[in-house]
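First up is the structure itself, then whatever we jot down about it.
The values are calculated or read from the model by the stated rules, or taken from the named source; none is laboratory data. Since the structure is predicted, the reported quantities are computational estimates derived from the model, not experimental observations. Positions of Cβ are backbone-derived with ideal geometry, glycine not excepted, and every protein chain shown enters the neighbour counts.
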Amino acid sequence: MKKILVATDGSEHAKRALEKAIELAGKEEDSVINLMYVVDGETSKSDVLQYGDSDTASFKREKKLQESVDLVEAKGIKTKLMIEHGDPEEVLIDHANSNDYDLVLVGSRGRNKFQTMVLGSVSHKLVKHIDAPVMVVK
């Protein structure tokens, strides 16, 4: 594994995906783990309401995700944090398919079968539309 993309939001599901990425990348000397957090419109609005303005909201997001960056760097692996705005599925699919990743990791939210059938699954859509191998970590 040389170039890995991890979809993150700072949740426990995302942390498990990141831990798996670190495990896989640790076996290759020149591996890179890119972390991507996509802020959808609803999250952006609620963050601005909570923190007062968009600059503070952006700062808080970066601070929250810095723990993940630090974890990767502590293992001696190169990393880059990207925070984008838009529909998470579309942004992740477009980015992954435009950047020649060896592997994309995403955490599973663990919905039950009925919820997945009715609501769909972000991880399922990523698996279906990303050209690189996608690993869903439970």
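Suppose we filter Val91, Val39, Val69, Val32 for residues that are in contact with a His (Cβ under 7 Å, 6 or more places away or on another chain), surrounded by fewer than 20 Cβ atoms within 10 Å (Cβ to Cβ), closer than 20 Å to Leu105 by Cβ and modelled with pLDDT of 75 or more; which single one remains? Spell out how you get there, then give the answer.
Working: Val91 fails: in contact with a His (Cβ under 7 Å, 6 or more places away or on another chain); Val69 fails: in contact with a His (Cβ under 7 Å, 6 or more places away or on another chain); Val32 fails: in contact with a His (Cβ under 7 Å, 6 or more places away or on another chain).
Result of the check over Val91, Val39, Val69, Val32: Val39.
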Which numbered condition trips up Ser58, out of (1) exposed (fewer than 14 other Cβ atoms within 10 Å of the Cβ); (2) without any contact (Cβ under 8 Å) to a residue 40 or more places away in the chain; (3) over 14 Å from the mean Cα position of the chain (by Cα)? (1)
Which one of these does Gly110 not meet: (1) surrounded by fewer than 17 Cβ atoms within 10 Å (Cβ to Cβ); (2) at pLDDT 95 or above; (3) part of a loop (DSSP other than H, G, I, E, B)? (2)
